[in-house]
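The values are calculated or read from the model by the stated rules, or taken from the named source; none is laboratory data. All values derive from a computational prediction rather than experimental measurement. All Cβ positions, glycine included, derive from the backbone under ideal geometry; neighbour counts span all protein chains shown. These area figures cover heavy atoms from the full protein model, side chains too; ligands, DNA and RNA do not enter into them. Shrake-Rupley method; radii C 1.70, N 1.55, O 1.52, S 1.80 Å.
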Amino acid sequence: MLNRRTFTAASAGLALASPALAQFRVEIAGVGATQVPIAVAKFRDEDKTTQALSAIIRADLERAGVFRGIDTNAAIDETAQPVMADWRARSADALVAGSVTRLADGRYDVRFKLWDIVKGQELGGQSNAVQPADLRLAAHRIADYVYEKLTGDKGVFSTRIAYVTRTGTRYALRVADADGEGGQVALNSPEPIISPAWSPNGQELAYVSFELQKAVVYVQDVASGKRRVIANFRGSNSAPAWAPDGQSLAVTLSRDGISQLYTMGRNGESPRRLTTSQSIDTEPVYTPDGRTIFFVSDRGGGPQVYRTPAAGGGVERVTFSGNYNISPALSPDGRYLAYISRQGNAFKLYLMDLGTPGATPIALTDTSDDESPSFAPNGRLIIYASRAQGRDVLMTTTLDGKIKAKLVSTAADVREPMWGPYGR
């Protein structure tokens, strides 16, 4: 999707082999209405590995907004039977403990168990042998397990995000864990890269690169780095969005003059014009059922969010609060619309409940430079770009705006986040 910096512009191959230089620190702020106090004990022998598994698990759970970490220096493993009264005295409702053992073939056996302290019972556990490079992923998957057991919702900690960094005059498209760590470079370029979009199966990324001195849409295989041009028509080619079946994309093309929406096959074949206005139509995004496309148009005088059938047809305006609303993102269940609204000179993240007719959109942020919202695949978190203390940063927020996590890069400015699907 385009952000506000490139909305104005609409009117006018590498494998994932290189480690990302930018590392993140995560700062979590806010207090939710109901948070489960959980203790994640230090895993036995985790100090003998390159990853602090317990710290990764705890950070994941706290970032979700529904858990509150309980301080513990205990180093117990999954074979121990916890003394429930002791943990209740520490105000813990749940406990995670485990171990990491080096195997003869070089892999690590990662084991854990989860206990419900309130009910005094074990809730389950797992054992998995993983390569050393997959220890961080193993920790994220443990957090997913715990999250689902205690909330009933699927966890998203083992999913990935794509984002763009800028260091000096160099740009890089990167893919990383959902917490911003473990990143790898998909593309380096001296020219801007914008609008990354994950394919529904998580195997490909569409994006816009200016390496040919104009906006061109590429699709790149995440594993191999092999890529293909899918839109390089006269004028600007931008804002790719995958259809839910992964067989087609919506894009914004200005080949017939002004920027309009088109659909085309996954390899760029059979482009078909979808909108026929005399205004800028851009930033398409499909509904989860693939039947409708939300997009941004200034046909009413200023940019607003509209929707139209994916097969073509009438256009309906969606946003009415404020005179400048862009960057639509839809939750995986289609109920919520996140977007960026200009309020005075500030650009803020807003959320609209599409399932409640007449519901007033709510501001999720008190910052003034927000961009590019994207929902987690379970619909419980939104990642977006913002600016803090003179730096471009990534943020996540719960849908009520009460819990926010700041992913601050130590080496680069970071923008254009897009949360990937399940299926890693």
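Residues that are outside any loop (DSSP other than H, G, I, E, B), modelled with pLDDT under 70 and of a type outside the set (Lys, Arg) were ranked within the range 25-57; the one that is surrounded by the fewest Cβ atoms within 10 Å (Cβ to Cβ) is Ala29. Residues that are open to solvent by 10 Å² or more (accessible area, probe 1.4 Å), under 23 Å from Ala197 (Cβ atoms) and at pLDDT below 90 within the range 393-415 comprise just one, Asp413. On the stretch given as the range 309-328, residues that are part of a loop (DSSP other than H, G, I, E, B) and open to solvent by 20 Å² or more (accessible area, probe 1.4 Å) total 10. Thr292 meets the stated requirement of being modelled with pLDDT of 95 or more and over 19 Å from the mean Cα position of the chain (by Cα). Checked against (1) within 13 Å of the chain's Cα centre (by Cα); (2) crowded, with 23+ Cβ neighbours inside 10 Å; (3) not polar (S, T, N, Q), Asp179 meets all criteria but (2). Taking every residue in the range 188-202 that is over 16 Å from Pro417 (Cα atoms) and pairing it with any residue that is open to solvent by less than 20 Å² (accessible area, probe 1.4 Å) and polar (S, T, N, Q), at least 6 positions away or on another chain, the pairs with Cβ-Cβ distances below 9 Å are Ser189/Ser209; Glu191/Ser209. Within the range 344-369, if we keep just the residues that are closer than 20 Å to Leu394 by Cα and of a type in the set (A, V, I, L, M), the residue that is most open to solvent (accessible area, probe 1.4 Å) turns out to be Ala363.
When the range 161-191 is filtered for residues that are within 24 Å of Lys406 (Cβ to Cβ) and not in a strand (DSSP E or B), the ones remaining, listed by number, are Gly168, Ala178, Asp179, Gly180, Glu181, Gly182, Gly183. You will find that of Ser341, Ser372, Ser331, the residue that is crowded, with 19+ Cβ neighbours inside 10 Å, on the phi > 0 side of the Ramachandran plot and not basic (Lys, Arg) is Ser372 and no other. Among residues of the range 221-238 that are farther than 20 Å from Arg174 by Cβ and among the acidic types (Asp, Glu), none has a beta-carbon under 8 Å from a residue that is open to solvent by 40 Å² or more (accessible area, probe 1.4 Å) and not in a loop (DSSP other than H, G, I, E, B) at least six positions away or on a different chain.
How about the range 329-381: which of its residues are in contact with a helix residue (DSSP H, G or I) (Cβ under 9 Å, 6 or more places away or on another chain) and more than 26 Å from Glu62 (Cα to Cα)? Residues satisfying the conditions are Arg342, Phe347.
For (1) open to solvent by 60 Å² or more (accessible area, probe 1.4 Å); (2) of a type outside the set (Lys, Arg); (3) part of a helix (DSSP H, G or I); (4) closer than 24 Å to Arg424 by Cβ, each residue gets a yes or a no:
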site	(1), (2), (3), (4)
Ala59	no, yes, yes, yes
Glu62	no, yes, yes, yes
Gly65	no, yes, no, yes
Ser91	yes, yes, no, no
Asp105	yes, yes, no, yes
Val110	no, yes, no, yes
Leu135	no, yes, yes, yes
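Here is a check on your reading of the model: is Asn128 assigned to a loop (DSSP other than H, G, I, E, B), open to solvent by 60 Å² or more (accessible area, probe 1.4 Å) and either modelled with pLDDT of 95 or more or within 22 Å of Asp77 (Cα to Cα) (or both)? It is false that Asn128 is assigned to a loop (DSSP other than H, G, I, E, B), open to solvent by 60 Å² or more (accessible area, probe 1.4 Å) and either modelled with pLDDT of 95 or more or within 22 Å of Asp77 (Cα to Cα) (or both).
Among the residues making up the range 260-289, those that are of a type in the set (S, T, N, Q), open to solvent by less than 50 Å² (accessible area, probe 1.4 Å) and within 27 Å of the chain's Cα centre (by Cα) are Gln260, Thr263, Thr282, Thr287. Taking residues in the range 129-146 that are on the phi < 0 side of the Ramachandran plot, and partners anywhere that are open to solvent by 50 Å² or more (accessible area, probe 1.4 Å) and not in a loop (DSSP other than H, G, I, E, B), the pairs with Cβ atoms closer than 7 Å and at least 6 places apart or on different chains are Ala138/Asn128; Tyr145/Gln126.
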